Amino acid sequence: MKMMRPLIILTGLVLLLSSCEDIPVCAPAPANMEILPDPLTKVTAGRWTLGPYTQGRLAFTVKQPVAEQEIILYNRGGDSALIQLGSKTAFLPKQDSFSLDLQWNLDAGLISAYRGETLCFQQILPFYDDLGVHSVVIHDEKHLRLDSLVRGSLIQDPADIVLAYWGNSLNPDYGPIARPWNAQVVEQMFSQGTFVRIKGLIPTDANGASPAIASLTDNLAELLSQRPAFVVVAAGIPEERETGGAGIPAFREEMTDALALIAATNAKAVVLILPPPASASLAQKDLRDAYNMELRTIAVNAAASVVDLSDRFQSPENTDKILQSPAGDLTQAGHDLLANELSTLLQYFTQFGG
């Protein structure tokens, strides 16, 4: 019996090893299924090649934040995302030098900046492909230093939707807002399993004023050439402010043409109805309400969806919390509200169509 036991064990091991030839799980896994990008290399002063990476993290040292500090991220297709670091960090506690982690994730469509564990600001990445971030350019190297690429990876994205925004109000890049509405929209959609590519245009002139909608038609056509599934229309600033609404007929024609242009590309328009700006002039308030009523009618006639925010801000208490200037610029609470409303609508469309 003592001789038989080792023989039985040996026979069992032979049978087990021979059976692995037909069982895939016994085969060793591939060493790496991901595409391995090139390492971080500095090729010229102020410019670094990165990969490309769809996800990554850059560690920076910021010395004496100034307005001229800029970081530009590029993909291989030449698209770029501009980060004006001086304006973004202006509201942070003053220090001579501090570290900043810039983290991007194309799958979420976002770039986020952290100071330690604290989220300083977020910004969208307007890239419409899966090529990822390929290079970074740093301006004002005197006050800004790139320390390292902490990590990076290139992964394949699932199907996504493309969202564009256009108009002359609610610029998400205006002011020291840590979490603008456009960044929150893609983050909330990402948390629900929907991958969003977003790009937009809310321009201002040299004095910070918003141009008339009629002057932005070419910009809208350029955005529509990217074939977005949805277009958020933020035409919240009256074209003409004459008492009594003298500019409404022109506004009606301009907005009707813009929504027709969007419909011609089979994109779904989402029209924002915004609150009247705080003003001592009752005539101006009445004028703004008249524009909002006209915009509702235009949207219905164009079969566009509507996110109506005007009634949410009627009380002075809400207005003080959500609006930070008579022009209608939103506080962080206002950005949060707008993002929640838009995300809810877009999630409904992605689940049930529309």
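Quick notes
- Residue that is modelled with the highest pLDDT, among those in the stretch 152-168 that are part of a loop (DSSP other than H, G, I, E, B) and surrounded by fewer than 18 Cβ atoms within 10 Å (Cβ to Cβ): I155
- Residue that is modelled with the lowest pLDDT [pool: residues in the stretch 36-59 that are open to solvent by 10 Å² or more (accessible area, probe 1.4 Å) and among the small types (G, A, S)]: A45
Here's the yes/no breakdown for (1) outside any strand (DSSP E or B); (2) under 22 Å from the mean Cα position of the chain (by Cα); (3) at pLDDT 85 or above:
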position: P176; (1), (2), (3): yes, yes, no
position: N182; (1), (2), (3): yes, yes, yes
position: G193; (1), (2), (3): yes, yes, no
position: L223; (1), (2), (3): yes, yes, yes
position: R241; (1), (2), (3): yes, no, no
position: G245; (1), (2), (3): yes, no, no
position: E253; (1), (2), (3): yes, no, yes
position: T256; (1), (2), (3): yes, no, yes
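- Count - residues of the stretch 105-140 that are within 18 Å of the chain's Cα centre (by Cα), more than 19 Å from K42 (Cβ to Cβ) and assigned to a strand (DSSP E or B): 12
One line per residue, one yes/no per condition, for (1) within 24 Å of the chain's Cα centre (by Cα); (2) under 19 Å from P180 (Cβ atoms); (3) modelled with pLDDT of 70 or more:
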| position | (1), (2), (3) |
| --- | --- |
| D308 | yes, no, yes |
| D311 | no, no, yes |
| G328 | yes, yes, no |
| A333 | yes, yes, yes |
| L338 | yes, yes, yes |
| L342 | yes, yes, yes |
| L346 | yes, yes, yes |
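- Looking across the stretch 265-288 at every residue that is in contact with a helix residue (DSSP H, G or I) (Cβ under 8 Å, 6 or more places away or on another chain) and farther than 20 Å from L342 by Cα, the one that is modelled with the highest pLDDT is identified as T265.
- Any hit, the stretch 94-103, residues being at pLDDT 85 or above, surrounded by 18 or more Cβ atoms within 10 Å (Cβ to Cβ), in contact with a His (Cβ under 6 Å, 6 or more places away or on another chain) and in a strand (DSSP E or B): no
- Residue in the stretch 196-207 that is among the charged types (D, E, K, R), open to solvent by 60 Å² or more (accessible area, probe 1.4 Å), at pLDDT 75 or above and over 18 Å from S80 (Cβ atoms) present: no
The values are calculated or read from the model by the stated rules, or taken from the named source; none is laboratory data. No experiment lies behind these values; they were computed from the predicted model shown. In this analysis, Cβ positions are derived from the backbone assuming ideal geometry, glycine residues included, and neighbour counts consider all displayed protein chains. Just the protein is used for accessible areas: all its heavy atoms, side chains included, with ligands, DNA and RNA removed. Shrake-Rupley method; radii C 1.70, N 1.55, O 1.52, S 1.80 Å.
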